[in-house]
Amino acid sequence: MIKVLHILTDTNIGGAGTLLVNYLKNFDREKFLIKVILPKGSLLKPRIEDVGYEVIETENLADKSMDIKGIFELYKIFKKEKPDIVHTHSSMSGKIAAFMRGIKGRIYTRHCAYDPPKYMTVFPFKQINGFVNNTLSTHIVAVAEAAKENLTDTGVSEKKITVIINGVEPLSEISEKEKTTLRRKYGIKKSDFVFGIIARLEAVKGHKYYIEAAAKIIKENPKAKFLIVGTGTEEENLRKLAKKLKIEENVIFTGFITDVASIYNIIDVNVNCSYGTETSSLALSEGMSLKKPAIASIYGGNPYMVTHGENGLLCKKQNSRALYKAMKTLMEDKELLEKMSETAYVHYKEKFTAEKMTRQLEEIYEKQMKR
C-alpha cells in the first residue's frame, strides 16, 4: 500500500479544497493510504472526515505558503508518519520539509494560472525559480495547460509536469417542484431566460462585464435574469453598478450558497468572465454535469474546457460587448442552445469527471514509487 500525505494550508474552502475532496471520494483505498494535513480551524476538516479520511492538524501554516515554524512541524509529522509520497497544494513549507526529510515522492499541484511578472521569465530569476522547483519536487501536477505554461515560462522542466484537468462529481437534478420553489425565492418566472455566474466576487472574475452585458440584454429582453452567486470584496461595487444601470430587479445577488447544485438547476447558461487567475474552472465542469452550456472568456484554462460552438461559446476577456453578443446568440437560437446542452454533458463524461481525474493522479503516484 502506498502512503500519501496531502498538505493544504487553507482555512476556508476554496477551489483546491473542493478539488481535494473530489480526489478523496474516488481514490482506490486498497492501493492508497491517504491522510490530509490541515491547519487548525480549517473549514475543510469536516468535509474530509465525512468522506472517511484522517486529518492531521498543525499549529502553524494557516493560509501561508511559507512558514518557518511550519517547516519544522511538518518535518516531525513526516518522521512519525513515514509517507511514501507528500503531495502539497500551494505549500512551500511542505515542499521544503519533504525535501529535508528525504521523501522519495514529492508532488505539488499548481492550481492557478496567471501572467507571471516579466522578470520571472528572464535570466537570472527564471533559472533560480526553475532550480528551486525542479529540486524540491519530483513531479508537478498542473490543472490546466495554462498553468503548465506558467511553470515552463518561469524555468520549470516540462518533463516534470503532467496536466490533469479538474474533475468534479456529477451534480444531481432536483424536482420540478423544487425548481419552482427556488425560482420563486429569487423572483424568477419559468418563462425567464436565466444566466448564472458562480465565482468569488473579486475584480479578476469579471463580474463588471457580466453586469454591463446584462444591461444590453435586458434593454432588448426584460425577461432575462442574471444570477450572481457568491461573496467577495467587490459585492458593494457590483450592486452599485447594477443600480446605476437600472437593472437591479433583473440582476440577482444570492450571496454565499452551500448547495450550488440547486442554482445550476435553474440556469440556462453558465458564465465565466475571468481575466485573472483561472485554470480549469470547477464551476464550468459542474455546470456541464447538468447539461449547462457555457459562455467563457478567452483566458487561462477556459479555452481548454469550452470548445467554441460545441459545448459553449468563447469571447474576448474584459469585453462586455463580446459577452453580450454571445448571450444574445444563445438566447435567440433555441436549437443551438439545446445542441450545446447535450454536448456539454458529453464533454463532461469524456473529460471532466472526478473519477477520471483521480485515476490519472493514481498513475502518477504509482510511477513515483517505481522511480
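The values are calculated or read from the model by the stated rules, or taken from the named source; none is laboratory data. Since the model is a prediction, treat every value here as computed from it, not as a measurement. Positions of Cβ are generated from backbone atoms using ideal geometry, with glycine treated the same way; all protein chains shown enter the neighbour counts.
Please identify the pairs in which a residue from region 31-45 that is farther than 17 Å from Ala16 by Cα has its Cβ atom under 7 Å from the Cβ atom of a residue that is of a type in the set (Lys, Arg), counting only partners at least 6 apart or on another chain.
Qualifying pairs under 7 Å: Leu33/Lys3.
What pairs come out if I take residues in region 220-247 that are in the same structural domain as Asn265 (by TED's automatic domain parsing) and under 17 Å from Arg183 (Cα atoms) and pair them with residues that are at pLDDT below 95 and surrounded by fewer than 15 Cβ atoms within 10 Å (Cβ to Cβ) whose C-beta lies under 7 Å away, six or more apart or interchain?
Val229/Ile257
Kindly list the number of the only condition in (1) closer than 21 Å to Glu362 by Cα; (2) modelled with pLDDT under 95; (3) surrounded by 22 or more Cβ atoms within 10 Å (Cβ to Cβ) that fails for Ser90.
(3)
Taking the condition of being over 18 Å from Ala224 (Cα atoms), surrounded by 20 or more Cβ atoms within 10 Å (Cβ to Cβ) and over 21 Å from the mean Cα position of the chain (by Cα), how many residues in region 299-340 meet it?
1
Could you tell me which of the residues Leu314, Leu290 is among the hydrophobic types (A, V, I, L, M, F, W, C), touching a His at 6+ places or on another chain (Cβ under 6 Å), at pLDDT 95 or above and not assigned by TED's automatic domain parsing to the domain that holds Ala146? Spell out the reasoning first.
Values: Leu290 fails: touching a His at 6+ places or on another chain (Cβ under 6 Å).
Going through Leu314, Leu290 in turn, just one is among the hydrophobic types (A, V, I, L, M, F, W, C), touching a His at 6+ places or on another chain (Cβ under 6 Å), at pLDDT 95 or above and not assigned by TED's automatic domain parsing to the domain that holds Ala146: Leu314.
Touching a strand residue (DSSP E or B) at 6+ places or on another chain (Cβ under 8 Å), at pLDDT 95 or above and of a type outside the set (Ser, Thr, Tyr): which single residue out of Lys148, Lys126 fits that description?
Lys148 is the lone residue from the list that is touching a strand residue (DSSP E or B) at 6+ places or on another chain (Cβ under 8 Å), at pLDDT 95 or above and of a type outside the set (Ser, Thr, Tyr).
If we keep just the residues of region 46-74 that are crowded, with 19+ Cβ neighbours inside 10 Å and not aliphatic (A, V, I, L, M), which is nearest to Arg359 (Cα to Cα)?
Tyr53
Restricted to region 239-274, and to residues that are under 18 Å from the mean Cα position of the chain (by Cα) and over 19 Å from Tyr209 (Cα atoms), which residue is surrounded by the fewest Cβ atoms within 10 Å (Cβ to Cβ)?
If we take residues in region 239-274 being under 18 Å from the mean Cα position of the chain (by Cα) and over 19 Å from Tyr209 (Cα atoms), then Thr258 is surrounded by the fewest Cβ atoms within 10 Å (Cβ to Cβ).
Return the residues of region 100-139 that are in contact with a helix residue (DSSP H, G or I) (Cβ under 6 Å, 6 or more places away or on another chain) and small (Gly, Ala, Ser); say none if nothing qualifies.
Hits for region 100-139 are Gly105, Ala113.
The conditions are (1) out of contact with any strand residue (DSSP E or B) (no Cβ under 9 Å at 6 or more places or on another chain); (2) under 28 Å from Glu286 (Cα atoms), and Met66 fails exactly one of them. Which is it?
Met66 satisfies all of (1) out of contact with any strand residue (DSSP E or B) (no Cβ under 9 Å at 6 or more places or on another chain); (2) under 28 Å from Glu286 (Cα atoms) except (2).
Here's a check for you: in region 140-166, which residue that is over 15 Å from Pro117 (Cα atoms) and among the polar types (S, T, N, Q) is farthest from the chain's Cα centre (by Cα)?
Ser157
Would you call Lys246 charged (D, E, K, R), assigned to a helix (DSSP H, G or I) and either touching a His at 6+ places or on another chain (Cβ under 9 Å) or more than 17 Å from Met327 (Cβ to Cβ) (or both)?
On the way: charged (D, E, K, R): yes; assigned to a helix (DSSP H, G or I): no; either touching a His at 6+ places or on another chain (Cβ under 9 Å) or more than 17 Å from Met327 (Cβ to Cβ) (or both): yes.
Judged against the criteria, Lys246 is not a match.
For every residue, the table says whether it meets (1) closer than 30 Å to Glu212 by Cα; (2) of a type outside the set (A, V, I, L, M); (3) touching a residue at least 24 places away in the same chain (Cβ under 8 Å).
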position	(1), (2), (3)
Ala326	yes, no, yes
Thr329	yes, yes, no
Glu338	yes, yes, no
Lys351	no, yes, yes
Lys356	no, yes, yes
Leu361	no, no, yes
Tyr365	no, yes, yes
